[in-house]
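S.K.: Submitted below is the structure of interest, expressed as structure tokens.
Values quoted throughout were computed directly from the atomic coordinates according to the rules given, and no laboratory measurement underlies them. The structure presented is a predicted model; accordingly, all values stated were derived computationally and were not measured. Methodologically, a virtual Cβ is constructed for each residue, glycine included, from the backbone with ideal geometry; neighbour enumeration extends over all protein chains shown.
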Ligand code: TEU
Ligand code: CA
């Protein structure tokens with residue numbers, strides 16, 4: 001395998017609106033990110049993925065872009081972004097931006113021109129269809145945010161497709177002119193010194209043609225867009241063209257937000273010369289989801305989590321690299337999802353960190369995850385900003401849940417759990433802003449915050465710093481980055497364990513329960529590299545793990 005500059009790196013996702021507000025307007029911004037670069041450099045992260053901060057009406061918090069060549073004044077200026085790229089570079093960090101090209105904003109000039117002349121050049125940038133005689137939607141697809149995926153093209157007798165919010169019209173990737181516009185923008189940004197991109201919702205760009213309806217999957221007579229995606233073929237043609245015309249020319253890092261419908265296609269996405277450098281492993285986030293809606297979601301157990309990780313690892317194996325997460329801006333906080341609520345503690349948060357961080361692939365840390373930030377105790381649906389959560393709440397009510405049951409069932413998965421302001425200290429607004437934060441700060445910031453952890457060698461923050469450093473260790477780094485992953489004791493309940501085999505042999509093991517567990521090692525113990533507890537009970541090859549004890553051991557190969 002050709003070694004690439006990003007192979008041993010650790011990435012960190014910043015959601016700008018909630019990271020740090022430098023000018024007191026309650027909204028995080030790019031100058032705020034620049035002020036916190038030394039915090040990130042001290043943690044040891046190398047790649048910073050910045051969620052969208054382009055001009056946008058914020059119908060979907062910036063994933064609805066109205067100008068691909070600028071920065072929204074709420075977040076700063078183009079000069080601020082160029083300064084961020086330069087300041088990150090001085091600290092050996094690179095910036096990834098978010099490439100959102102399945103759709104743009106309905107306030108983008110392309111869409112405005114399409115409304116003026118649907119039959120003209122810009123009408124071809126979108127999926128426009130003449131309204132049905134009876135005015136019904138062209139197909140019965142349900143948008144990801146609820147309701148029909150079709151809306152009237154203002155002032156015309158056309159409808160336009162929007163897989164997401166009605167203010168996010170889908171771009172027509174079948175149109176080579178549109179694709180060239182996208183590639184031109186990607187290269188414009190890469191020439192500014194970006195390290196690459198995270199690529200948004202990219203599996204949606206290829207529709208099964210001709211567009212048609214599918215069997216309804218709910219009472220509303222609509223069907224999930226996934227029904228169409230299952231039939232779509234040929235996304236690889238677009239993705240191969242994109243990477244040849246852009247990423248490859250700049251040796252850029254690209255990580256796809258890919259919910260792969262066909263597992264056998266995964267190698268095409270991540271192999272050397274494949275569509276992307278990496279794709280995220282979403283297996284843990286997809287577990288337990290129901291077509292009926294979030295209210296019908298099944299909680300994931302530690303055994304389920306283990307199985308998700310190992311199956312994803314097995315699908316990619318040594319063909320390429322997954323990007324591993326426990327949370328992001330679309331998901332609840334990882335420690336609130338993957339750890340039993342009654343066992344949430346420093347040791348269990350450290351265990352979860354070890355289990356995902358030592359997997360083969362790039363670890364991505366989402367802002368605040370390194371502090372152990374938890375889900376937000378939202379008091380009512382009125383506090384919720386996220387369009388997806390608001391829709392799912394209505395879905396739950398329509399399914400017959402009471403308001404209280406509906407609220408509880410959607411709050412478990414709400415994207416707003418990850419979007420509350422970063423908790424910098426125990427002071428007002430957690431040190432995020434001197435103004436009124438755009439989303440309420442989690443009251444537990446008095447106990448969970450960066451200031452309390454940065455100089456505490458036993459804190460979660462210090463533990464993440466240790467894990468990041470281990471991946472760069474001159475003796476063990478090669479095994480962690482390139483070594484194989486071999487599950488062990490898979491049948492054991494609440495025990496997650498796997499070997500990492502390269503130049504060295506490492507055992508990663510976690511006791512996912514309060515009660516102690518014992519194992520017998522298959523080769524002699526050499527050294528403890530990571531231990532989330534003080535001490536380790538060993539008798540020869542026998543090992544006794546305390547509740548939520550997690551270890552990385554070097555064994556005789
Ligand atoms: O998310 C795409 C995606 O996975 C959605 O279908 C997801 O299920 C949705 O967020 C509902 O929970 C990307 C971005 O990460 C997300 O923030 C955007 O809302 C979406 O695309 C549209 O750009
Ligand atoms: Ca601000």
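S.K.: Just need a number here: residues in the range 382-413 that are in a helix (DSSP H, G or I) and within 16 Å of ligand 1 (Cβ to nearest atom).
M.R.: Summing the residues that are in a helix (DSSP H, G or I) and within 16 Å of ligand 1 (Cβ to nearest atom) in the range 382-413 gives 13.
S.K.: Could you run through the range 401-454 and say how many residues are under 30 Å from residue 296 (Cβ atoms) and touching a helix residue (DSSP H, G or I) at 6+ places or on another chain (Cβ under 8 Å)?
M.R.: Here the count works out to 19.
S.K.: All but one of (1) under 23 Å from residue 66 (Cβ atoms); (2) out of contact with any strand residue (DSSP E or B) (no Cβ under 9 Å at 6 or more places or on another chain) hold for residue 110; which doesn't?
M.R.: Among (1) under 23 Å from residue 66 (Cβ atoms); (2) out of contact with any strand residue (DSSP E or B) (no Cβ under 9 Å at 6 or more places or on another chain), residue 110 violates only (2).
S.K.: Could you tell me which numbered condition residue 144 fails, if it satisfies all but one of (1) out of contact with any helix residue (DSSP H, G or I) (no Cβ under 8 Å at 6 or more places or on another chain); (2) more than 13 Å from residue 125 (Cβ to Cβ); (3) not in a helix (DSSP H, G or I)?
M.R.: Here residue 144 meets the rest and fails (1).
S.K.: Also: For the range 149-174: of the residues being in a loop (DSSP other than H, G, I, E, B), away from ligand 1 (no atom under 16 Å from the Cβ) and touching a strand residue (DSSP E or B) at 6+ places or on another chain (Cβ under 9 Å), which is nearest to residue 127 (Cα to Cα)?
M.R.: Applying the filter and picking the extreme gives 172.
S.K.: Return yes or no: is residue 362 touching a residue at least 24 places away in the same chain (Cβ under 8 Å) and surrounded by fewer than 22 Cβ atoms within 10 Å (Cβ to Cβ)?
M.R.: Here the answer is no, as residue 362 does not meet what is asked.
S.K.: If I go through the range 427-437 residue by residue, how many of them are under 13 Å from residue 32 (Cβ atoms) and part of a loop (DSSP other than H, G, I, E, B)?
M.R.: 5
S.K.: Kindly indicate whether any position in the range 190-202 is within 16 Å of ligand 1 (Cβ to nearest atom), closer than 30 Å to residue 293 by Cβ and part of a helix (DSSP H, G or I).
M.R.: Here is the first cut: in the range 190-202, the ones within 16 Å of ligand 1 (Cβ to nearest atom) are 197-202.
Restricting the remaining residues to those that are closer than 30 Å to residue 293 by Cβ gives 198-202.
After this cut, where a residue has to be part of a helix (DSSP H, G or I) as well, the list is 202.
Yes, the range 190-202 contains a residue that is within 16 Å of ligand 1 (Cβ to nearest atom), closer than 30 Å to residue 293 by Cβ and part of a helix (DSSP H, G or I).
S.K.: So, restricting to strands (runs of 3 or more DSSP E) that lie completely within the range 227-326, which ones have at least 2 residues that are in contact (Cβ under 8 Å) with a residue 24 or more places away in the chain and within 30 Å of residue 348 (Cβ to Cβ)?
M.R.: Output list reads 278-280, 321-324.
S.K.: Across the range 530-546, what is the number of residues that are under 13 Å from residue 518 (Cβ atoms) and in a loop (DSSP other than H, G, I, E, B)?
M.R.: 4
S.K.: Moving on. Could you identify the single residue in 332, 377 that is in contact (Cβ under 8 Å) with a residue 40 or more places away in the chain, in a loop (DSSP other than H, G, I, E, B) and surrounded by fewer than 18 Cβ atoms within 10 Å (Cβ to Cβ)?
M.R.: 377
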